[in-house]
1. I'm told residue 207 meets every condition in (1) in contact with a Gly (Cβ under 6 Å, 6 or more places away or on another chain); (2) crowded, with 20+ Cβ neighbours inside 10 Å except one. Can you identify the failing condition by its number?
2. When you scan region 372-385, do you find a residue that is under 21 Å from the mean Cα position of the chain (by Cα), crowded, with 20+ Cβ neighbours inside 10 Å and either assigned to a loop (DSSP other than H, G, I, E, B) or of a type in the set (S, T, N, Q) (or both), even just one?
3. Which residues, counting only those in region 60-84, are closer than 14 Å to residue 102 by Cβ and either under 15 Å from the mean Cα position of the chain (by Cα) or of a type in the set (Gly, Ala, Ser) (or both)?
4. Of all residues in region 72-105, which are touching a strand residue (DSSP E or B) at 6+ places or on another chain (Cβ under 9 Å) and either in contact (Cβ under 8 Å) with a residue 60 or more places away in the chain or in a strand (DSSP E or B) (or both)?
5. If you go through region 272-288 one residue at a time, how many are open to solvent by 30 Å² or more (accessible area, probe 1.4 Å) and within 21 Å of residue 421 (Cβ to Cβ)?
6. Any idea how many residues of region 1-18 are out of contact with any Leu (no Cβ under 8 Å at 6 or more places or on another chain) and either at pLDDT 85 or above or among the acidic types (Asp, Glu) (or both)?
7. State yes or no: is residue 180 open to solvent by less than 30 Å² (accessible area, probe 1.4 Å), under 25 Å from residue 243 (Cβ atoms) and under 26 Å from the mean Cα position of the chain (by Cα)?
8. Which of the residues belonging to region 171-196 are at pLDDT below 95 and in contact with a Gly (Cβ under 9 Å, 6 or more places away or on another chain)?
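The values are calculated or read from the model by the stated rules, or taken from the named source; none is laboratory data. Computed from a predicted model, the values in this text were never measured in an experiment. Backbone-built Cβ (ideal geometry, glycine too); neighbour counts: all protein chains shown. The area values use the complete protein model at the heavy-atom level, side chains included, leaving out ligands, DNA and RNA. Shrake-Rupley method; radii C 1.70, N 1.55, O 1.52, S 1.80 Å.
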Amino acid sequence: MTTTTEALPLVNTRVDTSSNKGRLHRSEKYVNTSLRYAPTAPILATANENFGPFKMARIFLTLDEYWDFRDESFHPNYRIGRDRYKGDSRIHGYDRARSKESQVDYLDYIDGVASQVDELLLCVRRLEHEVTNGVISREKYEEVLYTGVRMIKERHPNLRYLEVLNESSNDHFGGLDDVGYYAFYQSFYRVAARINAEGLPGPELGVGGPVTDKARFDLVGLFLKHYTADTDPDKRLDFISYHDYASGDRPVRTGDLRVRLDAWLKEYGLPLDLPAYITEMGTHEGKEGGNVCMAAGVPALFEQVRRQHDLIAFPWCIYHDPEIQLWSTQHLPDGKMTPHGMAMAMLALHRRDELSVVSDGEDADGLGVYALASTDESGLCVHVWNYSKATREVRIVLDPLPAGNGELLLYRLDSAHNNVITDPSHSGKLQPTEALPIPSDGVLEVELEPYAQALWLFEKK
(Lines give C-alpha, C1' and ligand atoms only; values in the text may rest on other atoms or scores of the structure.)
Protein backbone atom coordinates (compact mmCIF):
# COMPACT_ATOMS: atom_id res chain seq x y z
CA MET A 1 0.00 0.00 0.00
CA THR A 2 1.61 3.26 -1.16
CA THR A 3 1.21 6.74 0.27
CA THR A 4 -0.03 9.47 -2.06
CA THR A 5 0.11 13.24 -1.68
CA GLU A 6 -1.96 13.92 -4.81
CA ALA A 7 -5.38 15.50 -4.43
CA LEU A 8 -7.89 12.71 -4.86
CA PRO A 9 -11.44 13.20 -6.12
CA LEU A 10 -14.40 13.52 -3.79
CA VAL A 11 -15.92 10.20 -2.79
CA ASN A 12 -19.61 10.21 -3.69
CA THR A 13 -21.91 7.80 -1.87
CA ARG A 14 -25.67 7.39 -2.18
CA VAL A 15 -27.74 5.46 0.35
CA ASP A 16 -31.18 4.28 -0.76
CA THR A 17 -33.00 4.51 2.57
CA SER A 18 -36.14 2.94 1.07
CA SER A 19 -34.36 -0.25 0.03
CA ASN A 20 -33.98 -3.43 2.03
CA LYS A 21 -31.39 -6.05 1.05
CA GLY A 22 -32.34 -8.38 3.90
CA ARG A 23 -30.58 -9.22 7.13
CA LEU A 24 -27.13 -7.70 7.51
CA HIS A 25 -24.42 -10.29 8.04
CA ARG A 26 -22.95 -9.53 11.47
CA SER A 27 -19.24 -9.99 10.85
CA GLU A 28 -18.29 -8.70 14.30
CA LYS A 29 -20.12 -11.59 15.99
CA TYR A 30 -17.43 -14.15 15.07
CA VAL A 31 -14.45 -13.78 17.37
CA ASN A 32 -10.99 -15.17 17.89
CA THR A 33 -9.03 -15.81 21.04
CA SER A 34 -5.32 -16.35 21.47
CA LEU A 35 -4.42 -19.18 23.83
CA ARG A 36 -0.81 -18.07 24.28
CA TYR A 37 -2.18 -14.72 25.48
CA ALA A 38 -5.59 -15.76 26.74
CA PRO A 39 -8.15 -13.04 27.47
CA THR A 40 -9.15 -12.63 31.09
CA ALA A 41 -12.78 -12.90 32.17
CA PRO A 42 -13.16 -9.08 32.49
CA ILE A 43 -11.85 -8.59 28.93
CA LEU A 44 -14.28 -11.20 27.60
CA ALA A 45 -17.16 -9.56 29.43
CA THR A 46 -16.16 -6.13 28.10
CA ALA A 47 -15.94 -7.45 24.54
CA ASN A 48 -19.36 -9.05 24.82
CA GLU A 49 -20.83 -5.83 26.17
CA ASN A 50 -19.32 -3.69 23.43
CA PHE A 51 -19.81 -5.83 20.32
CA GLY A 52 -21.55 -9.02 21.39
CA PRO A 53 -23.50 -11.16 21.89
CA PHE A 54 -21.28 -13.47 19.87
CA LYS A 55 -22.41 -16.18 17.50
CA MET A 56 -19.21 -18.21 17.49
CA ALA A 57 -15.78 -18.05 19.10
CA ARG A 58 -12.61 -19.90 18.19
CA ILE A 59 -10.77 -21.43 21.15
CA PHE A 60 -7.71 -23.67 21.45
CA LEU A 61 -6.49 -26.79 23.20
CA THR A 62 -2.74 -27.48 23.29
CA LEU A 63 -2.31 -31.20 23.87
CA ASP A 64 1.26 -31.00 25.23
CA GLU A 65 0.03 -28.75 28.04
CA TYR A 66 -3.10 -30.83 28.67
CA TRP A 67 -1.21 -34.16 28.75
CA ASP A 68 2.40 -34.94 29.72
CA PHE A 69 3.75 -37.77 27.56
CA ARG A 70 6.51 -38.57 30.06
CA ASP A 71 4.25 -39.93 32.79
CA GLU A 72 0.96 -39.90 30.83
CA SER A 73 -0.62 -37.53 33.35
CA PHE A 74 -3.54 -35.28 32.44
CA HIS A 75 -3.67 -31.62 33.47
CA PRO A 76 -7.16 -30.37 32.51
CA ASN A 77 -6.77 -27.04 34.30
CA TYR A 78 -3.20 -26.33 33.24
CA ARG A 79 -1.72 -22.87 33.67
CA ILE A 80 -1.63 -21.52 30.13
CA GLY A 81 1.87 -20.83 28.84
CA ARG A 82 3.77 -22.56 31.65
CA ASP A 83 6.53 -24.59 29.97
CA ARG A 84 7.01 -27.85 31.85
CA TYR A 85 9.32 -29.19 29.14
CA LYS A 86 12.27 -26.81 29.40
CA GLY A 87 15.48 -28.66 28.58
CA ASP A 88 13.71 -31.85 27.47
CA SER A 89 14.94 -32.62 23.94
CA ARG A 90 12.45 -35.45 23.47
CA ILE A 91 9.67 -33.02 22.66
CA HIS A 92 9.56 -30.37 19.96
CA GLY A 93 9.69 -26.73 21.02
CA TYR A 94 6.69 -25.65 18.91
CA ASP A 95 5.95 -22.00 19.78
CA ARG A 96 6.45 -22.36 23.54
CA ALA A 97 9.45 -20.04 23.52
CA ARG A 98 7.24 -17.30 22.07
CA SER A 99 4.76 -17.65 24.91
CA LYS A 100 4.69 -16.16 28.37
CA GLU A 101 3.11 -17.80 31.38
CA SER A 102 -0.44 -16.51 31.61
CA GLN A 103 -2.42 -15.49 34.66
CA VAL A 104 -5.26 -17.61 33.29
CA ASP A 105 -5.88 -21.32 33.90
CA TYR A 106 -7.24 -23.38 31.03
CA LEU A 107 -10.71 -24.18 32.39
CA ASP A 108 -11.24 -20.53 33.32
CA TYR A 109 -10.32 -19.64 29.73
CA ILE A 110 -12.77 -22.01 28.04
CA ASP A 111 -15.50 -21.38 30.61
CA GLY A 112 -15.17 -17.63 30.16
CA VAL A 113 -15.42 -17.83 26.38
CA ALA A 114 -18.17 -20.46 26.29
CA SER A 115 -20.41 -18.38 28.52
CA GLN A 116 -20.30 -15.46 26.05
CA VAL A 117 -21.11 -17.24 22.76
CA ASP A 118 -23.74 -19.33 21.03
CA GLU A 119 -21.25 -21.86 19.63
CA LEU A 120 -17.60 -22.83 19.99
CA LEU A 121 -15.07 -23.82 17.35
CA LEU A 122 -12.16 -25.71 18.95
CA CYS A 123 -8.72 -25.76 17.31
CA VAL A 124 -6.54 -28.53 18.75
CA ARG A 125 -2.81 -28.58 18.16
CA ARG A 126 0.68 -29.76 19.24
CA LEU A 127 2.17 -33.26 19.62
CA GLU A 128 2.28 -33.50 15.80
CA HIS A 129 6.08 -33.95 15.78
CA GLU A 130 5.95 -36.58 18.53
CA VAL A 131 3.45 -38.69 16.60
CA THR A 132 5.38 -38.29 13.34
CA ASN A 133 8.69 -39.21 15.04
CA GLY A 134 7.26 -42.20 16.88
CA VAL A 135 7.63 -40.77 20.40
CA ILE A 136 3.85 -41.15 20.78
CA SER A 137 1.78 -43.74 18.94
CA ARG A 138 -1.13 -42.72 16.77
CA GLU A 139 -3.43 -44.75 19.03
CA LYS A 140 -2.22 -42.93 22.16
CA TYR A 141 -2.58 -39.56 20.40
CA GLU A 142 -6.19 -40.33 19.50
CA GLU A 143 -6.94 -41.39 23.07
CA VAL A 144 -5.52 -38.12 24.43
CA LEU A 145 -7.40 -36.16 21.76
CA TYR A 146 -10.63 -37.97 22.62
CA THR A 147 -10.21 -37.32 26.35
CA GLY A 148 -9.55 -33.60 25.86
CA VAL A 149 -12.32 -32.96 23.35
CA ARG A 150 -14.85 -34.99 25.30
CA MET A 151 -14.02 -33.03 28.47
CA ILE A 152 -14.82 -29.78 26.69
CA LYS A 153 -17.94 -31.10 24.94
CA GLU A 154 -19.32 -32.47 28.22
CA ARG A 155 -18.50 -29.21 30.01
CA HIS A 156 -19.80 -27.00 27.20
CA PRO A 157 -22.50 -28.57 25.00
CA ASN A 158 -22.25 -25.55 22.67
CA LEU A 159 -19.01 -26.96 21.25
CA ARG A 160 -19.92 -27.42 17.59
CA TYR A 161 -16.75 -27.75 15.51
CA LEU A 162 -13.30 -29.30 15.69
CA GLU A 163 -10.63 -27.55 13.64
CA VAL A 164 -7.77 -29.89 12.82
CA LEU A 165 -4.41 -28.37 13.85
CA ASN A 166 -3.19 -24.85 13.02
CA GLU A 167 -1.01 -23.83 10.03
CA SER A 168 0.67 -27.20 10.38
CA SER A 169 2.89 -26.82 7.32
CA ASN A 170 4.98 -24.45 9.47
CA ASP A 171 7.58 -26.31 11.55
CA HIS A 172 6.68 -24.62 14.85
CA PHE A 173 3.05 -25.64 14.30
CA GLY A 174 3.67 -29.23 13.19
CA GLY A 175 5.91 -29.36 10.12
CA LEU A 176 3.50 -31.56 8.15
CA ASP A 177 3.09 -32.05 4.42
CA ASP A 178 -0.33 -32.71 2.89
CA VAL A 179 -0.12 -36.49 3.44
CA GLY A 180 0.95 -36.08 7.06
CA TYR A 181 -1.80 -33.55 7.68
CA TYR A 182 -4.51 -35.80 6.31
CA ALA A 183 -3.48 -38.61 8.66
CA PHE A 184 -4.19 -36.24 11.57
CA TYR A 185 -7.48 -35.22 9.96
CA GLN A 186 -8.48 -38.88 10.02
CA SER A 187 -7.66 -39.05 13.74
CA PHE A 188 -9.96 -36.10 14.37
CA TYR A 189 -12.95 -37.44 12.47
CA ARG A 190 -12.56 -40.81 14.19
CA VAL A 191 -12.60 -39.07 17.57
CA ALA A 192 -15.62 -36.97 16.52
CA ALA A 193 -17.51 -40.11 15.47
CA ARG A 194 -16.73 -41.74 18.82
CA ILE A 195 -17.96 -38.74 20.82
CA ASN A 196 -21.02 -38.20 18.63
CA ALA A 197 -22.02 -41.86 19.20
CA GLU A 198 -22.23 -41.13 22.93
CA GLY A 199 -25.12 -38.70 22.42
CA LEU A 200 -23.84 -35.89 24.61
CA PRO A 201 -26.02 -32.75 24.82
CA GLY A 202 -25.66 -30.08 22.16
CA PRO A 203 -25.03 -30.21 18.42
CA GLU A 204 -23.15 -33.06 16.80
CA LEU A 205 -19.42 -32.40 16.49
CA GLY A 206 -18.38 -31.33 13.00
CA VAL A 207 -14.82 -31.41 11.67
CA GLY A 208 -12.95 -29.13 9.28
CA GLY A 209 -9.55 -28.15 7.88
CA PRO A 210 -6.89 -27.81 6.49
CA VAL A 211 -6.24 -24.55 8.42
CA THR A 212 -3.55 -23.34 6.06
CA ASP A 213 -2.42 -19.77 5.48
CA LYS A 214 -3.06 -17.94 2.22
CA ALA A 215 0.53 -18.45 1.07
CA ARG A 216 -0.20 -22.21 0.96
CA PHE A 217 -3.75 -22.12 -0.31
CA ASP A 218 -2.77 -24.95 -2.67
CA LEU A 219 -2.93 -27.23 0.37
CA VAL A 220 -6.73 -26.81 0.33
CA GLY A 221 -6.88 -28.51 -3.06
CA LEU A 222 -4.54 -31.30 -1.96
CA PHE A 223 -6.59 -31.80 1.20
CA LEU A 224 -9.80 -32.16 -0.82
CA LYS A 225 -8.06 -34.65 -3.11
CA HIS A 226 -7.11 -36.81 -0.11
CA TYR A 227 -10.59 -36.48 1.37
CA THR A 228 -12.27 -37.59 -1.85
CA ALA A 229 -9.99 -40.66 -2.08
CA ASP A 230 -10.66 -41.63 1.55
CA THR A 231 -13.04 -44.61 1.78
CA ASP A 232 -13.55 -44.57 5.57
CA PRO A 233 -17.31 -44.47 6.31
CA ASP A 234 -16.65 -42.25 9.36
CA LYS A 235 -15.08 -39.48 7.32
CA ARG A 236 -16.77 -36.10 7.43
CA LEU A 237 -16.06 -32.58 6.23
CA ASP A 238 -18.26 -29.85 7.70
CA PHE A 239 -16.25 -26.76 6.76
CA ILE A 240 -13.09 -25.57 5.06
CA SER A 241 -10.80 -23.31 7.08
CA TYR A 242 -7.82 -21.19 6.21
CA HIS A 243 -6.08 -17.99 7.34
CA ASP A 244 -5.59 -14.70 5.53
CA TYR A 245 -3.12 -12.05 6.64
CA ALA A 246 -1.70 -11.46 3.17
CA SER A 247 -4.46 -9.44 1.49
CA GLY A 248 -4.10 -6.15 3.34
CA ASP A 249 -2.23 -4.44 0.52
CA ARG A 250 -4.88 -5.61 -1.97
CA PRO A 251 -8.13 -6.58 -0.24
CA VAL A 252 -9.76 -7.90 -3.41
CA ARG A 253 -7.45 -10.91 -3.10
CA THR A 254 -9.66 -12.07 -0.23
CA GLY A 255 -12.42 -12.26 -2.81
CA ASP A 256 -10.82 -15.18 -4.68
CA LEU A 257 -11.49 -17.80 -1.99
CA ARG A 258 -14.88 -19.06 -3.11
CA VAL A 259 -13.94 -18.97 -6.79
CA ARG A 260 -10.91 -21.21 -6.19
CA LEU A 261 -12.63 -23.33 -3.57
CA ASP A 262 -15.77 -23.86 -5.64
CA ALA A 263 -13.66 -25.04 -8.58
CA TRP A 264 -12.09 -27.72 -6.40
CA LEU A 265 -15.43 -28.70 -4.86
CA LYS A 266 -16.90 -29.11 -8.33
CA GLU A 267 -13.87 -31.12 -9.49
CA TYR A 268 -14.18 -33.55 -6.57
CA GLY A 269 -17.97 -33.77 -6.57
CA LEU A 270 -18.40 -32.10 -3.17
CA PRO A 271 -21.27 -29.75 -2.18
CA LEU A 272 -20.79 -26.21 -3.49
CA ASP A 273 -22.47 -24.81 -0.38
CA LEU A 274 -19.83 -26.25 1.96
CA PRO A 275 -19.13 -23.47 4.48
CA ALA A 276 -15.70 -21.86 4.52
CA TYR A 277 -14.26 -20.10 7.55
CA ILE A 278 -11.31 -17.73 7.52
CA THR A 279 -10.51 -18.63 11.10
CA GLU A 280 -7.79 -16.00 11.36
CA MET A 281 -7.98 -12.79 9.38
CA GLY A 282 -6.09 -9.52 9.59
CA THR A 283 -3.74 -7.27 7.69
CA HIS A 284 0.00 -7.32 8.14
CA GLU A 285 -0.12 -3.71 6.98
CA GLY A 286 -1.10 -3.07 10.59
CA LYS A 287 2.48 -3.82 11.64
CA GLU A 288 3.46 -0.62 9.82
CA GLY A 289 0.27 1.43 10.06
CA GLY A 290 -0.57 0.46 13.64
CA ASN A 291 -3.75 -0.67 15.31
CA VAL A 292 -5.83 2.02 13.60
CA CYS A 293 -4.76 0.51 10.26
CA MET A 294 -5.98 -2.89 11.42
CA ALA A 295 -9.20 -1.20 12.56
CA ALA A 296 -9.92 -0.05 8.98
CA GLY A 297 -8.39 -3.05 7.24
CA VAL A 298 -10.45 -5.74 8.94
CA PRO A 299 -13.83 -4.15 8.02
CA ALA A 300 -12.52 -3.74 4.45
CA LEU A 301 -11.71 -7.45 4.35
CA PHE A 302 -15.09 -8.16 5.96
CA GLU A 303 -16.75 -6.45 3.00
CA GLN A 304 -14.81 -8.63 0.55
CA VAL A 305 -15.94 -11.67 2.55
CA ARG A 306 -19.61 -10.59 2.69
CA ARG A 307 -19.73 -10.40 -1.10
CA GLN A 308 -19.16 -14.16 -1.36
CA HIS A 309 -21.41 -17.06 -0.48
CA ASP A 310 -21.03 -19.33 2.55
CA LEU A 311 -17.95 -17.55 3.88
CA ILE A 312 -17.33 -16.24 7.41
CA ALA A 313 -14.24 -14.55 8.86
CA PHE A 314 -12.85 -14.47 12.40
CA PRO A 315 -10.59 -11.42 12.93
CA TRP A 316 -7.42 -11.78 14.98
CA CYS A 317 -8.06 -11.22 17.93
CA ILE A 318 -9.94 -10.20 21.12
CA TYR A 319 -6.72 -9.95 23.12
CA HIS A 320 -3.01 -10.29 22.48
CA ASP A 321 -0.01 -9.11 24.46
CA PRO A 322 0.35 -5.45 23.36
CA GLU A 323 4.14 -5.69 23.73
CA ILE A 324 4.06 -8.25 20.92
CA GLN A 325 0.96 -7.48 18.83
CA LEU A 326 -0.30 -4.02 19.66
CA TRP A 327 -1.20 -3.74 15.98
CA SER A 328 -3.75 -6.58 16.19
CA THR A 329 -5.27 -6.72 19.67
CA GLN A 330 -8.82 -5.46 20.19
CA HIS A 331 -8.25 -4.78 23.90
CA LEU A 332 -5.51 -3.65 26.25
CA PRO A 333 -4.79 -5.52 29.50
CA ASP A 334 -7.03 -3.12 31.45
CA GLY A 335 -9.99 -3.96 29.20
CA LYS A 336 -9.99 -0.72 27.20
CA MET A 337 -10.78 -1.16 23.53
CA THR A 338 -8.08 -0.31 21.02
CA PRO A 339 -9.10 1.21 17.66
CA HIS A 340 -9.49 -2.35 16.33
CA GLY A 341 -11.96 -3.06 19.13
CA MET A 342 -13.67 0.28 18.50
CA ALA A 343 -14.17 -0.72 14.86
CA MET A 344 -15.97 -3.88 15.99
CA ALA A 345 -18.11 -1.79 18.36
CA MET A 346 -18.98 0.52 15.45
CA LEU A 347 -20.09 -2.46 13.38
CA ALA A 348 -22.22 -3.56 16.32
CA LEU A 349 -24.15 -0.26 16.11
CA HIS A 350 -25.57 -1.27 12.74
CA ARG A 351 -29.26 -1.99 12.48
CA ARG A 352 -30.88 -5.28 11.48
CA ASP A 353 -31.31 -4.91 7.69
CA GLU A 354 -28.81 -3.85 5.04
CA LEU A 355 -29.54 -0.90 2.77
CA SER A 356 -28.47 -0.46 -0.83
CA VAL A 357 -25.36 1.74 -1.15
CA VAL A 358 -23.68 3.02 -4.30
CA SER A 359 -20.21 4.51 -3.81
CA ASP A 360 -17.15 5.24 -5.91
CA GLY A 361 -14.67 5.14 -3.03
CA GLU A 362 -12.99 1.77 -3.67
CA ASP A 363 -10.32 1.28 -6.32
CA ALA A 364 -9.68 -1.87 -8.33
CA ASP A 365 -7.47 -3.31 -5.58
CA GLY A 366 -10.07 -2.81 -2.88
CA LEU A 367 -8.29 0.16 -1.31
CA GLY A 368 -10.04 3.41 -0.49
CA VAL A 369 -13.30 4.40 1.16
CA TYR A 370 -15.89 1.75 2.02
CA ALA A 371 -19.54 2.39 2.86
CA LEU A 372 -22.16 0.34 4.69
CA ALA A 373 -25.68 1.32 5.74
CA SER A 374 -28.43 -0.43 7.66
CA THR A 375 -31.89 0.14 9.07
CA ASP A 376 -34.74 -1.27 11.13
CA GLU A 377 -37.69 0.07 13.10
CA SER A 378 -35.37 1.83 15.55
CA GLY A 379 -33.54 3.98 13.02
CA LEU A 380 -30.74 4.20 10.48
CA CYS A 381 -26.97 3.72 10.49
CA VAL A 382 -24.50 5.00 7.86
CA HIS A 383 -20.83 4.02 8.14
CA VAL A 384 -17.81 4.98 6.01
CA TRP A 385 -14.16 4.14 6.55
CA ASN A 386 -10.96 4.95 4.73
CA TYR A 387 -8.65 2.01 4.20
CA SER A 388 -5.88 3.93 2.44
CA LYS A 389 -2.94 6.18 3.16
CA ALA A 390 -4.60 9.24 1.59
CA THR A 391 -6.98 11.72 3.22
CA ARG A 392 -10.37 11.58 1.50
CA GLU A 393 -13.37 13.88 1.39
CA VAL A 394 -16.65 11.97 1.44
CA ARG A 395 -20.14 13.17 0.49
CA ILE A 396 -23.11 10.96 1.35
CA VAL A 397 -26.64 11.49 0.07
CA LEU A 398 -29.54 9.90 1.94
CA ASP A 399 -32.34 9.38 -0.56
CA PRO A 400 -35.08 9.71 0.48
CA LEU A 401 -34.50 11.63 3.67
CA PRO A 402 -35.43 9.42 6.64
CA ALA A 403 -38.86 10.23 8.03
CA GLY A 404 -39.60 10.93 11.66
CA ASN A 405 -38.04 12.74 14.55
CA GLY A 406 -34.92 11.59 16.27
CA GLU A 407 -31.33 12.18 17.20
CA LEU A 408 -28.36 11.99 14.84
CA LEU A 409 -25.14 10.98 16.56
CA LEU A 410 -21.75 11.01 14.85
CA TYR A 411 -19.10 8.54 15.96
CA ARG A 412 -15.55 9.08 14.74
CA LEU A 413 -12.51 6.83 14.94
CA ASP A 414 -9.15 8.27 13.98
CA SER A 415 -5.95 9.63 15.53
CA ALA A 416 -7.91 12.10 17.67
CA HIS A 417 -11.19 10.31 18.44
CA ASN A 418 -11.99 7.09 20.30
CA ASN A 419 -8.31 6.14 20.25
CA VAL A 420 -6.83 4.94 23.52
CA ILE A 421 -3.42 4.49 21.93
CA THR A 422 -3.01 8.17 21.05
CA ASP A 423 -5.03 9.27 24.10
CA PRO A 424 -4.40 6.91 27.06
CA SER A 425 -6.86 8.93 29.17
CA HIS A 426 -9.75 7.82 26.93
CA SER A 427 -12.31 5.57 28.63
CA GLY A 428 -11.73 2.82 26.09
CA LYS A 429 -15.45 2.70 25.28
CA LEU A 430 -16.94 3.93 22.01
CA GLN A 431 -18.30 7.45 22.50
CA PRO A 432 -20.25 9.71 20.10
CA THR A 433 -18.21 12.74 19.13
CA GLU A 434 -21.12 14.99 18.06
CA ALA A 435 -24.89 15.27 18.19
CA LEU A 436 -26.08 16.79 14.91
CA PRO A 437 -29.30 18.09 13.40
CA ILE A 438 -30.76 15.90 10.70
CA PRO A 439 -29.72 17.57 7.43
CA SER A 440 -32.72 18.90 5.54
CA ASP A 441 -31.08 18.10 2.21
CA GLY A 442 -30.08 14.59 3.29
CA VAL A 443 -26.37 15.27 2.74
CA LEU A 444 -23.64 14.15 5.14
CA GLU A 445 -20.05 15.26 4.60
CA VAL A 446 -16.85 14.24 6.32
CA GLU A 447 -13.09 14.32 5.85
CA LEU A 448 -11.38 11.04 6.62
CA GLU A 449 -7.67 10.94 7.35
CA PRO A 450 -5.86 7.66 6.54
CA TYR A 451 -7.59 4.71 8.26
CA ALA A 452 -10.28 6.98 9.76
CA GLN A 453 -13.92 6.01 10.21
CA ALA A 454 -17.20 7.88 10.65
CA LEU A 455 -20.59 6.49 11.57
CA TRP A 456 -23.91 8.36 11.78
CA LEU A 457 -26.61 6.79 13.91
CA PHE A 458 -30.16 8.10 13.56
CA GLU A 459 -32.35 6.82 16.37
CA LYS A 460 -36.07 7.46 16.10
CA LYS A 461 -37.94 8.89 19.05
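1. Exception for residue 207: condition (1).
2. To start, the set of residues in region 372-385 that are under 21 Å from the mean Cα position of the chain (by Cα) comprises 372, 383-385.
Going one step further and asking which of them are crowded, with 20+ Cβ neighbours inside 10 Å, we end up with 372, 383-385.
Okay, now just the ones that are also either assigned to a loop (DSSP other than H, G, I, E, B) or of a type in the set (S, T, N, Q) (or both), so none.
Looking through region 372-385, none of the residues is under 21 Å from the mean Cα position of the chain (by Cα), crowded, with 20+ Cβ neighbours inside 10 Å and either assigned to a loop (DSSP other than H, G, I, E, B) or of a type in the set (S, T, N, Q) (or both).
3. Of everything in region 60-84, those that are closer than 14 Å to residue 102 by Cβ and either under 15 Å from the mean Cα position of the chain (by Cα) or of a type in the set (Gly, Ala, Ser) (or both) turn out to be 60, 81.
4. 73, 74, 79, 94, 102, 103, 104, 105, listed by residue number.
5. Of the residues in region 272-288, the ones open to solvent by 30 Å² or more (accessible area, probe 1.4 Å) are 272-273, 275, 284-285, 287-288.
Remaining after also requiring within 21 Å of residue 421 (Cβ to Cβ): 284-285, 287-288.
Of the residues in that region, 4 qualify.
6. Kept after step one, since they are out of contact with any Leu (no Cβ under 8 Å at 6 or more places or on another chain), are these residues of region 1-18: 2-14, 18.
So of that shortlist, the ones also either at pLDDT 85 or above or among the acidic types (Asp, Glu) (or both) come out as 6, 8-14, 18.
The number of residues fulfilling the criteria is 9.
7. Numbers: open to solvent by less than 30 Å² (accessible area, probe 1.4 Å): yes; under 25 Å from residue 243 (Cβ atoms): yes; under 26 Å from the mean Cα position of the chain (by Cα): no.
Taking the combined requirement at face value, the residue does not satisfy it.
8. If the condition is that a residue be at pLDDT below 95 and in contact with a Gly (Cβ under 9 Å, 6 or more places away or on another chain), then 172, 174 are the ones that fit.
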